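Input: a single structure, listed below in structure tokens.
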Amino acid sequence: MIEGLTLYQLQCFDAVVSEGGFQPAAEKLLRTQPTVFAAVKNLEGQLGLTLLDRSGYRVALTDAGRSFHDHVRVFLQELRGLKNHAEQLAMGEERELRVVIGDLSPVREVLALLRSFFDGHPATQLHLHVEAIAGPWERLFDGEADLIIHHIDKADPRLEYIDLCPVRLIPVVAPGFLRMPISEEITPEQMRGYVQCVIRDTARHIVRPNYYIIEGAQTWSVGDQLMKKEIILQGAAWGHLHDFLIESDLRDGRLLSIGGRHLQGGRVEITAARRRDLPHGPIANLLWQHIRDRAPNFKISTAD
């Protein structure tokens, strides 16, 4: 009864269900609406089942259609996985890999991790970039990076990741910068009259919230965390810096935390992340396994 069933019919049926109708399904598949309608109708005829209820304003799955679609969805997902695997096999060893390091990542430790891999794979050239804020995500989703070391949205189903280390962001000032006593009760409103140093977002089109920026305050923007730290040490501005960069400065009193009830700072998890929905070549997979093997022992050494 199901002899002659085609992949195109299943894709059309899945698109109608996922998009909620024949016209949006046709737009998704870059086909005409009558073509998609005919494909689903032929599928129902070959199966001897009514998969869609067309009596309402929007098409809906019948009980049989719902059960059948559950299996179709799994089949199409496995087919995509098979296609990705075939592309991986056809790639051969990559001549280059593109890695982006995010601005909050511990650069020394990340470079040591990468070097320990690429020393053993000299035929693959590493293209290394440093990006800030949303820049690493944009590079990855625009197909300009094979791997990023950065914090991510772990709920994004397009990504797979390996946790490396947590990083705390602490609001700090230099001694004498504030015209008021330092306490845990300092509010954002009180800080509005002081210059705040922030990192420039290197993303070109992804829009993300401006983390920790006090609305209405004067800001100085810089390109990297070391310049930001120096500006704050010089007493020219205040800002949030990551804990491992300033541990000794806090301990020796060169910087003072103003974190408290109202300025709480933050915490992010630095990860290695890549696209789950794209194929990866053999060297990229070896690098991924290399990172996974070493992640449990990944430790940050504090700045001197």
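The values are calculated or read from the model by the stated rules, or taken from the named source; none is laboratory data. If you're wondering where the values come from, they're calculated on a predicted model, not measured in any experiment. When we count neighbours, we look across all protein chains shown, and the Cβ atoms used for this are built from the backbone with ideal geometry, even at glycine.
When you check R31 against the structure, is it part of a helix (DSSP H, G or I), free of Cβ contacts under 8 Å to residues at least 24 places away in the same chain and of a type in the set (K, R), yes or no? Answer is no for this residue. For region 180-192, the candidate set comprises residues that are hydrophobic (A, V, I, L, M, F, W, C) and in a loop (DSSP other than H, G, I, E, B); within that set, the residue that is surrounded by the most Cβ atoms within 10 Å (Cβ to Cβ) is I186. Each residue in region 201-220 was checked for being surrounded by 13 or more Cβ atoms within 10 Å (Cβ to Cβ) and at negative phi, and 10 pass. Evaluated against (1) over 19 Å from A134 (Cβ atoms); (2) surrounded by 20 or more Cβ atoms within 10 Å (Cβ to Cβ); (3) not charged (D, E, K, R), G239 falls short on exactly one condition, (1). Restricting attention to region 183-223 and to residues that are of a type in the set (K, R) and out of contact with any strand residue (DSSP E or B) (no Cβ under 9 Å at 6 or more places or on another chain), the residue that is modelled with the highest pLDDT turns out to be R192.
A quick yes/no check of all residues on (1) over 18 Å from the mean Cα position of the chain (by Cα); (2) surrounded by fewer than 20 Cβ atoms within 10 Å (Cβ to Cβ); (3) not assigned by TED's automatic domain parsing to the domain that holds I258:
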residue	(1), (2), (3)
T124	yes, yes, yes
L128	no, yes, yes
W137	no, no, yes
L140	no, no, yes
H151	no, no, yes
V173	yes, no, no
L178	yes, yes, no
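Of everything listed in (1) within 18 Å of I231 (Cβ to Cβ); (2) part of a loop (DSSP other than H, G, I, E, B), the single unmet condition for I170 is (2). Residues of region 224-258 that are under 20 Å from I101 (Cα atoms), assigned to a helix (DSSP H, G or I), out of contact with any strand residue (DSSP E or B) (no Cβ under 6 Å at 6 or more places or on another chain) and charged (D, E, K, R): none at all.
Restricting region 289-304 to residues that are crowded, with 18+ Cβ neighbours inside 10 Å and touching a strand residue (DSSP E or B) at 6+ places or on another chain (Cβ under 7 Å), the residue that is farthest from L82 (Cα to Cα) is I300.
Which number in (1) among the polar types (S, T, N, Q); (2) closer than 19 Å to E189 by Cβ; (3) modelled with pLDDT of 95 or more marks the one condition that Q234 misses? Only one criterion in (1) among the polar types (S, T, N, Q); (2) closer than 19 Å to E189 by Cβ; (3) modelled with pLDDT of 95 or more is unmet by Q234, namely (2). Residues in region 259-304 that are charged (D, E, K, R), part of a loop (DSSP other than H, G, I, E, B) and over 21 Å from V172 (Cα atoms): R276, D277, K299. The residue that is farthest from H151 (Cα to Cα), among those in region 262-278 that are in contact with an Asp or Glu (Cβ under 6 Å, 6 or more places away or on another chain) and surrounded by fewer than 18 Cβ atoms within 10 Å (Cβ to Cβ), is R276.
How many residues does region 1-47 hold that are acidic (D, E), crowded, with 16+ Cβ neighbours inside 10 Å and within 18 Å of F75 (Cβ to Cβ)?
Within region 1-47, residues that are acidic (D, E), crowded, with 16+ Cβ neighbours inside 10 Å and within 18 Å of F75 (Cβ to Cβ) number 2.
For region 204-260, a residue qualifies if it is β-branched (V, I, T) and touching a Cys at 6+ places or on another chain (Cβ under 9 Å), and the qualifying residues are T219, V222, I231, I232. Determine whether R192 is of a type in the set (K, R), under 26 Å from I152 (Cα atoms) and not assigned by TED's automatic domain parsing to the domain that holds L140. No, not satisfied. For F117, are the conditions met, namely being crowded, with 16+ Cβ neighbours inside 10 Å and either farther than 29 Å from W220 by Cβ or of a type in the set (G, A, S) (or both)? In short, yes. Listed by first and then second residue, the pairs linking a residue in region 165-190 that is among the aromatic types (F, W, Y) to a residue that is part of a strand (DSSP E or B), with Cβ atoms under 9 Å apart and 6 or more places separating them unless they lie on different chains, are F177/W238; F177/L256. Checking every residue in region 65-81 against the condition of being in contact with a strand residue (DSSP E or B) (Cβ under 8 Å, 6 or more places away or on another chain) and buried (at least 16 other Cβ atoms within 10 Å of the Cβ) gives at least one match.
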